[in-house]
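Read through the structure below, which is laid out as structure tokens, and then see the notes.
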Amino acid sequence: MLAIIGGSGLTTLSNLDVSHREVVRTPYGEPSGSLVFGEICGKPAMFLPRHGYGHTIAPHMVNYRANLWALHHHKATGIISVASVGGIRDDLGPGEIVLPNQIIDYTWGRKSTFFEGVGTTVTHVDFTEPYDRELCKRIEEAAESLGISVKVGGVYAATQGPRLETAAEINRLERDGADLVGMTGMPEAVLARELGIPYAAINVVANHAAGRGSSANGIHFESLEHVLHEAMGRVRTIIERVVGCQDNCQPMGLSV
Ligand code: HPA
């Protein structure tokens, strides 16, 4: 069963026909919220809001290990991670949907491995390609079949947050090769890899990164809310198609 982790702008999955919810206890503590199970156009899926149902958990406070463990416990066969980002590259303006293919991790102090603790064998997972190629391809093909434009490939810079970056930090990220910037991509991606779950991201550009384009003099999220809202509608449609819906699929119209 595919799992969807929703981020800012996607705290519910309105096209999920909910069957039940489950509070999962994990060896790593509490996940961000109860797991929601259901069907999208008759195909099973589960959903977890990364920041909690009330959007109260900051990026550096998310219990990524508990979240990933819970999805693994419920036999997730793949994870689609949805998150909003800032666009660094010129062509990544508000509303663009990006499927990144690389990550640079600038986060610190987060619990970023399952392989630690007394009696645990030190394990180094391969992370050359942080996102699962096949799952990314499925997302790309779903978007293409729907005529929804997505940018394929891009280097995602994971910053600590919760504050936004300075303009100089964005310049540095660009020099490092980053195309987009967000706060939650790590350690989520590597924990999925450690558990052997194929993981892909759908990033929605909410704003030009600090100091760029319309954010030259600051970032004002309020004015971007409608952009995010509209773009997340497109993301939901893509997810429907990936989960396996046919042309005539109608959203269930239920909120979780
Ligand atoms: N920086 C970091 N994370 C973000 C941004 C940003 O500009 N926009 C949305 N998430």
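The values are calculated or read from the model by the stated rules, or taken from the named source; none is laboratory data. What you see is a predicted model, and the numbers here were worked out from it, not measured in a lab. Positions of Cβ are generated from backbone atoms using ideal geometry, with glycine treated the same way; all protein chains shown enter the neighbour counts. Calculation scope for accessible area: heavy atoms of the full protein, side chains included, ligands and nucleic acids excluded. Shrake-Rupley method; radii C 1.70, N 1.55, O 1.52, S 1.80 Å.
Whole-Hz Karplus values for region 155-168 come out as 9, 8, 9, 9, 9, 6, x, x, 5, 7, 7, 7, 4, 5 Hz, taken residue by residue from phi with 6.51 cos²θ - 1.76 cosθ + 1.60 and θ = phi - 60°; glycine and proline positions read x.
Put simply, when 67-74, 122-129 are sorted by average Cβ atoms within 10 angstrom per residue, most first, you get 67-74, 122-129. Comparing THR121, THR11, THR77 in a Gaussian network model of the chain (Cα springs below 10 Å), the most mobile by mean-square fluctuation is THR121.
Give the whole-number value, in cubic angstrom per residue, of the convex hull volume spanned by the C-alpha atoms of the chain.
119
Once the trypsin sites (Lys or Arg not before Pro) in DSSP loops with at most 16 neighbouring Cβ atoms within 10 Å are cut out of the chain, the longest remaining piece is 164-256.
With a cut-off of 16 Å, note down the residues of region 88-106 whose backbone N falls inside the zone around a label point 7 Å from the Cα of LYS137 toward its beta carbon. Only 101 fall inside the zone, counting backbone N under 16 Å. Rounded to the nearest 20 debye, the dipole magnitude of region 98-242 is 100 debye, with +1 charges on Lys and Arg beta carbons, -1 on Asp and Glu beta carbons, and the Cα centre as origin. Tell me, what % of the accessible area of the chain is carbon and sulfur with a 1.4 angstrom probe? Here carbon and sulfur together make up 51 percent of the probe-accessible area. In plain terms, the chain from ALA167 to ASP17 could stretch by 49.7 nm, reckoned as 0.36 nm per residue minus the Cα-Cα distance. Computed 3J(HN,Hα) for region 190-203, one whole-Hz value per residue from the Karplus formula 6.51 cos²θ - 1.76 cosθ + 1.60 where θ = phi - 60°, is 6, 5, 4, 4, 4, 8, x, 9, x, 9, 9, 10, 10, 9, glycine and proline marked x. At full extension, THR120 and PHE221 could sit 32.0 nm farther apart than now, given 0.36 nm per residue minus the alpha carbon distance.
The phi-based Karplus calculation (6.51 cos²θ - 1.76 cosθ + 1.60; θ = phi - 60°) puts the 3J(HN,Hα) values of region 170-183 at 5, 4, 5, 4, 5, 4, 6, x, 7, 10, 8, 9, x, 10 Hz, whole numbers, x for Gly and Pro.
Projection of the Cα convex hull of region 1-153, averaged over all directions and equal to a quarter of that hull's surface, yields 10.5 nm².
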